[in-house]
Amino acid sequence: MRLLEPYFRISETTGVHIHAGNNGELHISLCNVKATGNKLEITKKVTGASSLQELAKHCDVKVPVAINLSGKGILIKKVGRLDDIDAGNFARVLPNGNPEDFYLQNFISGDQSFVALIRRTEADQWLEKIAALGLSVLTVSLGPFVAEQVLPQLNFYGEEVLFDGHHATRNEKKDWVSYRYVADGLAPFPVKLEAEKLDERLILPYAAAFQLVLAAGLPVIKAEVPVLEISLNNALKDRKIQVFSFAALGIMFILLLANFLIFSNYNTQNNQLAEQVGRSSRSITDVEDLNAQIKVKEARLDSLGWEDGIKKSLLIDAIAQMLPPEVTWEEVAIDPQVQTVGGESKRMRFESRKIKIKGQTQRIVLVNEWIGRVRSLKWVKNVQLEGYNYKNEQDTGQFTVTIDF
């Protein structure tokens, strides 16, 4: 909230000072103030106007106005400090007066109250005339007391403050002690606003505009005019709503931008992951194809009886050397051929890493001894006697042995 407070102020205002002379002549001056960042800039200065019609030529109807009235019709009374003025203590300000007939401005300075009054009928006439020009008035201040808002910016350093006929005395605490109007009273030196020279007739319109710009955070010196109180409060509320709306839009934009950046980042990562998945899928497909090709080639090699280039003749020699003299071989088959039936057709295949031996002997014990010797060979995995058939008429038996290697 505090970060937004500088933006709650009204960004541009016009201060108008109207001094009514005893003969009814008007002395009007105007000062337009614009706030940009932390700077206040006077964008327009007008002095010497003598009618409201002439004033209207220099005002922008879109810019709110702060009016300051002085001279004829303004009553100023100094009394002891009054924190609040009501029907009970109004007699201290104006004996036998009716507070309902006046708009009051209570300027408290130290132990004193400088109360400025204007009849409601007269003030309302001013407001109606100014409103008829299309101008929107938000505050009305009475007398020179609004200058208190800008005196620290001006080169008034002593106890005496004199400008454009207004003469005030202050004590060492800068509290106002007295005030009087001196016709044709001018400042004894050029008035400067910081380093810029300022016509003393612009002090009051500048002060009125200055405090309206900062009305959101500065105690405003003004007459209590109910209709203007409502207008000022509405203007400040509208300004806050605008600021909060822009802040909300800004936050939403930032959130949308953040969401867009996060989405873009995730989308980029998702695309990268999709590419990686695609490459992985292609790699898996390629590996599966290679495995399928390998299996086909292995099947072909298996059907051809290829066992990694093993010298099978050496295997036969090794087991043959262990053969007893009484045992003879009739047939030796390495990777013996077998037949399988698939549908109506037949295909040939070979049993890999197998030696099948057929032979004959009169004694089966000799075959068993030979099988025991063969099992001792390191490359032999298994030896099995598949069958022994003894034929009496031939006095011998036929055997079949398979060796897995």
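Listed values for the range 311-318 are Karplus-derived 3J(HN,Hα) couplings in whole Hz (6.51 cos²θ - 1.76 cosθ + 1.60, θ = phi - 60°), namely 7, 5, 5, 5, 5, 4, 4, 5, and x replaces Gly and Pro. The 3J(HN,Hα) values that the Karplus relation (6.51, -1.76, 1.60; θ = phi - 60°) gives for the range 99-110 are, in residue order, x, 6, 8, 10, 9, 10, 10, 10, 9, 9, 9, x Hz. Gly and Pro appear as x.
By its C-alpha gyration tensor, with a ≥ b ≥ c as the square roots of the eigenvalues, how is the chain shaped: rounded for a/c under 1.5, else prolate for a/b larger than b/c, else oblate? The shape class here is prolate. The coefficient of translational diffusion for the range 1-114, derived via Stokes-Einstein from the alpha carbon Kirkwood radius under 20 °C and 1.002 mPa s, stands at 125 µm²/s. Each stretch of four or more DSSP H residues adds -39500 (n - 2.57); spread over every residue of the chain, this sum gives -11000 deg cm²/dmol at 222 nm. Amide H to amide H, with H built 1.01 Å from N, A49 comes under 5 Å of I28, counting only residues 5 or more places away or on other chains. Residue-wise HN-Hα couplings along the range 174-181, as the Karplus relation 6.51 cos²θ - 1.76 cosθ + 1.60 with θ = phi - 60° gives them from phi, are 6, 7, 6, 9, 8, 8, 8, 9 Hz; Gly and Pro carry x. Separation of the range 170-219 from the range 37-84 is 12 Å, based on Cα centroids.
Under the shape rule built on the C-alpha gyration tensor, where the axes satisfy a ≥ b ≥ c, the range 312-404 is oblate, since a/c reaches at least 1.5 while a/b does not exceed b/c.
Does anyone have the angle between helix 364-375 and the longest principal axis of the chain? Alpha-carbon axes, 0 to 90°, nearest 10? Between the helix axis and the principal axis of the chain, the angle is about 30 degrees. Which of the three applies to the range 5-224, rounded, prolate or oblate, going by the alpha-carbon gyration tensor with a ≥ b ≥ c and a/c under 1.5 meaning rounded? The shape class here is rounded.
Enumerate by residue number the GluC sites (Glu not before Pro) in the range 141-237 meeting two conditions: DSSP loop (anything except H, G, I, E, B), and at most 15 other Cβ atoms within 10 Å of the site's Cβ. Here the sparse-neighbourhood loop sites are E159, E172, E194, E224.
Taking a straight Cα-Cα cut-off under 26 Å and skipping sequence neighbours fewer than 8 places away in the same chain, the lysines within cross-link reach of K378 are K311, K312, K354, K356, K358.
Any read-out appearing in this document is the output of simple, stated calculations on the displayed coordinates, not a laboratory observation. Since the structure is predicted, the reported quantities are computational estimates derived from the model, not experimental observations. Positions of Cβ are backbone-derived with ideal geometry, glycine not excepted, and every protein chain shown enters the neighbour counts.
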